[in-house]
Amino acid sequence: MATESSSKSRPGISTFKGQDRALRAGRLGTGGLLLSVLAATAPLMVVAGVMPTTFAVMGIVGQPLLYVVLGVVLVLFSVGYAEMSRHVHNAGAFYAYISRGLGGTAGAAAALVALVAYNALQVGIYGIFGFEVSGLFATYTDLSVAWWIPALVAALVVGALGWLKIDVNARVLGVLLIIEVALVVVFDLAAVADPAAQGLSLHAFNPDTLSGAGVGTALCFCIAAFLGFEQAPVYAEETSRPHILVPRVMFLAVGGVAVFFALSSWALTVATGPSAVVAESQKQSAGLLFGLTEPRLGGTFTDVLHVLFVTGMFAAMLSFHNVVARYAFAMGREGLLPAAFGRTNSASGAPGTGSLLQTAVSVLVVAVFAIADDKPTGDPTVPVLHLFTWFGNIGSLGVIVLMAAASASVIVFFVRRGAAGAQAWRLATSALAGIALLVIAVYTVKDFDVLVGAGPESSLTWVLPGIIGLALLVGLAQGLLMRARRPEAHARIGLGNEAFQLEKAAGEAS
């Protein structure tokens, strides 16, 4: 009984209190988990937004080949990450894995980086979402609606859905995702059936198209299209067989995304012609896809595509919202956030307090940018575009850093368990992936001015990536402080529900 009373007397250490400390198991199968993960990739947003931007800004025709290269890197990353997922089932995912390999202090730093990064990714989409919805109202109803109104409405709807059972969310995400993918596939087929003057050219897959100084920065643009596949372990506690489903879904997600985006970006080069795709992207920007579907598939299809462009962004916001809520839940459960975040909604089993936190952050940030938009001078679209580009690249940098750290953690984890020999090839793939991810992270920081559209002398080039650096330092400080003042709590970082199950068993035994 001494252990139990000791645990209760220590602030910040949560003892086992039943189901409110655990996410509901068995909510997701392979299909539900895969759809929840893939929704974050927002395929239509990538094809209509990221791809033309990459062609236009970087001037590199070989974007399809970049998706193949990144697919290989992320498959290498997933080999070790997936193997570790068989041993760690925690909604904290990245920070739980990093804790198990590199220690609780590193885990605390990773937790805060993850919370900031995924919040940034989610909130950033509200800017482009509000802008597009405002445009739809202007086009189809002749109503002038400020961008921040649909953005705030979406934040509240996403927050409400975040309180529901995860399988309900998975169905919402699944329907939107399937329709998006189907429409993009229709465009791909139409482009192949009706190519530009250069015909079905495979020039975009020629390695020569990747020569030049912009390749590293182009990788930074393209890797954002993959973000979401790494979220599968976040839902591990809510699956019935996490040791099987999580690795399966990660490989399906990475392979599917790489093939889908490589073919879709190639279809853009076929529809415009490889020699013209850069110039057309610079001319039409995000309107490139819609300009290509209009003559091939008609106005009605293009109108539907515009609407699905918006619903796809909504699906991505909901997916990232769910991830942020689960990170907050895991951190609250382990004393890295107030204990209130470590409890679930009794009705749905969802991490309700974490969902409220994410909704509050979204509303606050949108409100700040809305106030900036009300200034009488300047381009009114600038705050919207800044919200999307600034926050999106902050989030991307954070996730790249986390993946690199997770690769190192996989190596240390299995070495410490005496499994280096048995896992040798997995450790090798983790090392290769970690090096590649670090290179991409360095390019991301180095070329942040290009990524966010700022001048090289702008303070944004160090302030924005500095947000991830600050989160890392604050997290390290929190971990060191916890190790000094609450060593038992520090030792539990990354254990998740396992710690409470062990505590429950110890209590019953005593």
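Just so it is clear, none of the values below were taken in a lab; they were calculated from the coordinates. The shown structure was predicted, so the numbers you read here are calculated from the model rather than taken from an experiment. Here the Cβ is made from the backbone with ideal geometry for all residues, glycine too, and neighbour counts use every protein chain on show.
In nm, give the distance between the simple-model label positions of Thr139 and Val186, each being 7 Å from the Cα along the Cα-to-Cβ direction.
Going from the Thr139 label point to the Val186 one covers 1.5 nm.
Based on the mean of other beta carbon atoms within 10 Å per residue, what is the order of 96-109, 471-484, 71-84, most packed first? Intermediate results must be reported in sequence, preceding the final value.
Working: 96-109: 25.5, 471-484: 17.4, 71-84: 22.9.
Packing proxy ranking, top to bottom: 96-109, 71-84, 471-484.
What is the sum of charges, Lys and Arg at +1 and Asp and Glu at -1, for the other residues whose Cβ falls under 12 Å from the Cβ of Ala39?
Details: positive: Arg171; negative: Glu180.
Spelling it out: positives minus negatives among the neighbours equals 0.
Pick out, from Ala190, Val175, Leu156, the residue whose Cα sits farthest towards the positive end of the charge dipole of region 114-220, with +1 on the Cβ of Lys and Arg and -1 on the Cβ of Asp and Glu.
Working it through, the farthest residue towards the positive pole turns out to be Leu156.
How far is it, in nm, from the label point at Ser275 to the one at Leu200 when both lie 7 Å from their Cα along the line to the Cβ?
2.1
Please give, to one decimal in nm, the separation of the simple spin-label points placed at Ala422 and Asp208, each 7 Å out from Cα toward the Cβ.
Between Ala422 and Asp208, the simple spin-label model gives 5.0 nm.
Mind checking the full-extension length gain between Leu385 and Val442? Use 0.36 nm per residue of separation minus the Cα-Cα distance, one decimal, nm.
Values: separation 57, 0.36 × 57 = 20.52 nm, distance 2.41 nm.
Once the chain is fully extended between Leu385 and Val442, it gains 18.1 nm.
Quick check on packing: order 141-153, 277-289 by the mean number of other C-beta atoms within 10 Å, highest mean leading.
On the way: 141-153: 16.0, 277-289: 19.2.
Sorting 141-153, 277-289 by mean packing, highest first, produces 277-289, 141-153.
Going by average Cβ neighbours within 10 Å, how do the peptides 128-135, 201-208 rank, with the highest at the top? Mind dumping the intermediate values first?
Numbers: 128-135: 22.5, 201-208: 14.6.
Ranking the peptides 128-135, 201-208 by packing returns 128-135, 201-208.
How much length is gained if the chain between Ala367 and Ala340 is pulled fully straight, taking 0.36 nm per residue apart and subtracting their Cα-Cα distance, in nm to one decimal?
Details: separation 27, 0.36 × 27 = 9.72 nm, distance 2.57 nm.
Once the chain is fully extended between Ala367 and Ala340, it gains 7.2 nm.
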